[in-house]
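Q: Once you've had a glance at the structure underneath, I'll fire off some questions.
The values are calculated or read from the model by the stated rules, or taken from the named source; none is laboratory data. This structure is a prediction, so every number in the text was calculated from the model and none was measured. With ideal geometry, Cβ positions are generated from the backbone for all residues, glycine too; neighbour counts draw on all protein chains shown.
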Amino acid sequence: MSQNELLALLPLILVVGLAMAVVIIDIVLPDRDDLISAIASGGLIVTLIVIAVCGPLPGGVGLLPREGVQLFVDSSGSGVIVRDQLTAFLDLTFVVIALLSLLFAVDYLKPRGLPMAEFTATLLFAISGAMVLGSGRDLLILFLGLELLVLPGYMLAGYAKRDGLSTEGAIKYFLLGSFSSAIFLFGLALVLGFTGSTRVAAIADVLAGVAAGNAPLSLGLAMGLALLTTGVAFKIAAVPFHYWTPDAYQGSPTPVTGYLSVGPKIAAFALILRLFVDALAPLKADWLPFVIVLAATTMTLGNLVAVTQDNIKRMLAYSSIAHTGYMLVGLAAYAGAAAGSPAEAQGLEALLFYGAIYSFMNLGAFACVAALQRRPGVTSQIASFAGLGRRAPLLGVAMTLFMLSLTGIPPTAGFFAKALVIIAAVNTGGWVAFLAVLMMLNAAAAAFYYLRVVVYMYMREAPDGARPVSIGNFTRAGLIVSAALTVVIGVVPPVTTAVIDMAREAARALL
């Protein structure tokens, strides 16, 4: 193995090695939650540094060549794994998600007697699956990465095994998740059967011939595409494949809910990019109508149901469904644009930027909920936030910031994320431009339930006997990072431009 190939695999090796180290340390030194958390956090920070050093990042930053490195190359010159600027961008996002999820979990799990080591190892193995999805260029590798992502997720959803809601949500998540994986696998099998290869590049070549009219689009291949679309729609919780989301989110421990709302979702979009954009791009005109319908129904239903929720975890669950619809608008902008046009790359750039911004602002919102619930017995009803702005001023300010960013109010990072998606959709035109209008209407509707939380924090009196809210050191550190990213990317133009440039270069690497 060459030096470049080793550098390309190093971030994934570090995450898997860190997960195994956590298991070993817990065997040797049991019940040392603070030690486990410190080692895991330090290891993830080192991984972030390694990703930045190895690259490739925009501007030629990193030791690896700007065009990327392919690993395990066959005679046709196609590798099963690639490390390019898209992989680096996604890896940075996944590791930040893992780090924030870990910081937010410590102060929540410890008072409830839930072991930190098992949570940490399971989370790291799930993130390693997400990293495989971001770099895979073979159908089998993509499916293995998907299963490595979702199987730990089922365990995390049922982590509070003595809680009936957690068990119920985990069972629903497992059953529907397994069902969707089977559908996805059937789709992969049909695509393999009608194209004759598991390599993404080879599939794209075959489908290019179909798109050019040199071969017909067979019924079996069309069924394969339909099954693939259905399978990934389950994974991203798009309507009407979203039924597992509210129960799984409500029943899971709140830090787990925060992770489930961003980690598997962004990883599933990485799968969509590697499969639909990298392999199925020649037939994008055929799957564009399905993406338009999914985007419109997902964002609209998610927001309409979120308005009716009194439980903040269920509200954020339906909000997460709506944000899936917003990201699908970016995919529709890519699919609706002419091949090679600037609008094509702009749609993917908007999707990637939105995914990264959504990750830390949504994790921050769930962290505020977890901080309020640090003491066992506090419910997740929105009414529990009454008077929080006076009881815990810093926590109230942080929650307000995340609610404003999720709404898309300037100058937060969430505003720029929504703006990029809307601009990309308008530039594409046609029915995709209609999605831009629908997205703005949905964003206005979402302001009602997001700002409702702010109203409770500052315009409602705290319930009698409400205790002071204490924030643990790990949670405080995570909130500072999340809030800083939300503010800095919104109000510091050089930082905003730098992150957008990273998303743009990642999109171009894919194209």
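Q: Just to be sure before I move on: is Met131 closer than 28 Å to Gly68 by Cβ and within 21 Å of the chain's Cα centre (by Cα) in the structure I sent?
A: Answer is yes for this residue.
Q: Further question: I need the full set of residues from region 292-324 which are closer than 14 Å to Ala335 by Cα and over 18 Å from the mean Cα position of the chain (by Cα), in order please.
A: Filtering region 292-324 down to residues closer than 14 Å to Ala335 by Cα leaves 292-295.
Result: Ile292, Val293.
Q: A further question on this structure: Scan region 439-457 and give yes if some residue there is at pLDDT 90 or above, of a type in the set (Gly, Ala, Ser) and farther than 29 Å from Thr300 by Cα, otherwise no.
A: No, that holds for no residue.
Q: In region 404-417, what count of residues is obtained for those that are part of a helix (DSSP H, G or I) and surrounded by fewer than 24 Cβ atoms within 10 Å (Cβ to Cβ)?
A: 4
Q: Go through region 239-263 residue by residue and tally those that are surrounded by fewer than 24 Cβ atoms within 10 Å (Cβ to Cβ) and of a type in the set (A, V, I, L, M).
A: Going through region 239-263 one residue at a time, the tally reaches 1.
Q: Looking at Val69, Val46, Val96, Val80, can you tell me which residue is among the β-branched types (Val, Ile, Thr), touching a residue at least 24 places away in the same chain (Cβ under 8 Å) and in contact with a Phe, Trp or Tyr (Cβ under 6 Å, 6 or more places away or on another chain)? Quick ask: steps written out before the conclusion?
A: Values: Val69 fails: in contact with a Phe, Trp or Tyr (Cβ under 6 Å, 6 or more places away or on another chain); Val46 fails: in contact with a Phe, Trp or Tyr (Cβ under 6 Å, 6 or more places away or on another chain); Val96 fails: in contact with a Phe, Trp or Tyr (Cβ under 6 Å, 6 or more places away or on another chain).
Being among the β-branched types (Val, Ile, Thr), touching a residue at least 24 places away in the same chain (Cβ under 8 Å) and in contact with a Phe, Trp or Tyr (Cβ under 6 Å, 6 or more places away or on another chain) holds for just one of Val69, Val46, Val96, Val80, which is Val80.
Q: Answer with yes or no whether Leu331 is within 28 Å of Ala201 (Cβ to Cβ) and either in a helix (DSSP H, G or I) or not acidic (Asp, Glu) (or both).
A: Here the answer is yes, as Leu331 does meet what is asked.
Q: Within region 177-197, track down each residue that is in a helix (DSSP H, G or I) and either over 30 Å from Tyr249 (Cα atoms) or modelled with pLDDT under 85 (or both).
A: Those that are in a helix (DSSP H, G or I) and either over 30 Å from Tyr249 (Cα atoms) or modelled with pLDDT under 85 (or both): Ala189, Leu190, Val191, Leu192, Gly193, Phe194, Thr195.
Q: Residues Gly177, Gly134: which one is within 20 Å of Ala268 (Cβ to Cβ), crowded, with 24+ Cβ neighbours inside 10 Å, in contact with a helix residue (DSSP H, G or I) (Cβ under 8 Å, 6 or more places away or on another chain) and touching a residue at least 12 places away in the same chain (Cβ under 8 Å)?
A: Step by step, each of Gly177, Gly134 is checked, and only Gly134 is within 20 Å of Ala268 (Cβ to Cβ), crowded, with 24+ Cβ neighbours inside 10 Å, in contact with a helix residue (DSSP H, G or I) (Cβ under 8 Å, 6 or more places away or on another chain) and touching a residue at least 12 places away in the same chain (Cβ under 8 Å).
Q: Let me ask something additional. Within region 337-365, can you find the residues that are modelled with pLDDT under 90 and closer than 22 Å to Leu485 by Cα?
A: Phe360
Q: Go through Ala204, Ala157 for me and flag whichever is among the small types (Gly, Ala, Ser), surrounded by 16 or more Cβ atoms within 10 Å (Cβ to Cβ) and over 27 Å from Ala19 (Cα atoms).
A: Ala204
Q: Then there's this: Checking the structure you have, find out if any residue of region 99-120 is among the hydroxyl-bearing types (Ser, Thr, Tyr), surrounded by fewer than 24 Cβ atoms within 10 Å (Cβ to Cβ) and more than 30 Å from Ala211 (Cα to Cα).
A: There is no residue in region 99-120 that is among the hydroxyl-bearing types (Ser, Thr, Tyr), surrounded by fewer than 24 Cβ atoms within 10 Å (Cβ to Cβ) and more than 30 Å from Ala211 (Cα to Cα).
Q: Please work out which one of (1) more than 14 Å from Thr486 (Cα to Cα); (2) modelled with pLDDT of 85 or more; (3) not in a helix (DSSP H, G or I) is the condition Gly396 fails and give its number.
A: Exception for Gly396: condition (3).
Q: Can you find, within region 63-90, the residue that is surrounded by the fewest Cβ atoms within 10 Å (Cβ to Cβ) among those that are among the hydrophobic types (A, V, I, L, M, F, W, C) and part of a loop (DSSP other than H, G, I, E, B)?
A: Leu63
Q: Same structure again: With closer than 30 Å to Phe290 by Cβ and among the β-branched types (Val, Ile, Thr) as the only criterion, which of Thr400, Thr412, Thr475, Thr407 stands out? Explain how you work it out, then say what you get.
A: Working: Thr400 fails: closer than 30 Å to Phe290 by Cβ; Thr412 fails: closer than 30 Å to Phe290 by Cβ; Thr475 fails: closer than 30 Å to Phe290 by Cβ.
Being closer than 30 Å to Phe290 by Cβ and among the β-branched types (Val, Ile, Thr) holds for just one of Thr400, Thr412, Thr475, Thr407, which is Thr407.
Q: Can you tell me which residues in region 462-480 are surrounded by fewer than 18 Cβ atoms within 10 Å (Cβ to Cβ), within 22 Å of the chain's Cα centre (by Cα) and either farther than 29 Å from Leu35 by Cα or in contact (Cβ under 8 Å) with a residue 12 or more places away in the chain (or both)?
A: Listed by number, the list holds a single entry, Ala477.
Q: Consider Gly60 carefully, then state whether it is buried (at least 19 other Cβ atoms within 10 Å of the Cβ) and not aliphatic (A, V, I, L, M).
A: When the stated conditions are applied, Gly60 does not pass them.
Q: Could you check region 198-208 and list, in sequence order, the residues that are in a helix (DSSP H, G or I) and touching a helix residue (DSSP H, G or I) at 6+ places or on another chain (Cβ under 8 Å)?
A: Hits for region 198-208 are Val200, Ala202, Ile203, Ala204, Val206, Leu207, Ala208.
Q: A follow-up question, please. How many of the residues making up region 24-53 are part of a helix (DSSP H, G or I), more than 25 Å from the chain's Cα centre (by Cα) and surrounded by fewer than 16 Cβ atoms within 10 Å (Cβ to Cβ)?
A: 5
Q: Can you tell me which residues in region 229-247 are hydrophobic (A, V, I, L, M, F, W, C) and either part of a loop (DSSP other than H, G, I, E, B) or farther than 19 Å from Ala270 by Cα (or both)?
A: The first filter runs over region 229-247 and keeps only residues hydrophobic (A, V, I, L, M, F, W, C), leaving 232-234, 236-239, 241, 244.
Ile236, Ala237, Ala238, Val239, Phe241, Trp244, listed by residue number.
Q: Test each condition in (1) touching a residue at least 12 places away in the same chain (Cβ under 8 Å); (2) among the aliphatic types (A, V, I, L, M); (3) surrounded by 15 or more Cβ atoms within 10 Å (Cβ to Cβ); (4) farther than 24 Å from Ala333 by Cα for Val495 and report the one that comes out false.
A: Looking at each condition in turn, Val495 falls short on (1).
For (1) part of a loop (DSSP other than H, G, I, E, B); (2) over 22 Å from Leu275 (Cα atoms), each residue gets a yes or a no:
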| site | (1), (2) |
| --- | --- |
| Ala339 | yes, no |
| Gly347 | no, no |
| Leu351 | no, no |
| Gly355 | no, no |
| Ala370 | no, yes |
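Q: Here is a follow-up. Kindly list, by first and then second residue, each pair from a residue in region 279-298 that is under 14 Å from His242 (Cβ atoms) to a residue that is of a type in the set (Ser, Thr, Tyr) and assigned to a helix (DSSP H, G or I), limited to pairs with Cβ atoms under 7 Å and residues at least 6 apart or on different chains.
A: From residues that are under 14 Å from His242 (Cβ atoms), the pairs are Thr298/Thr324.
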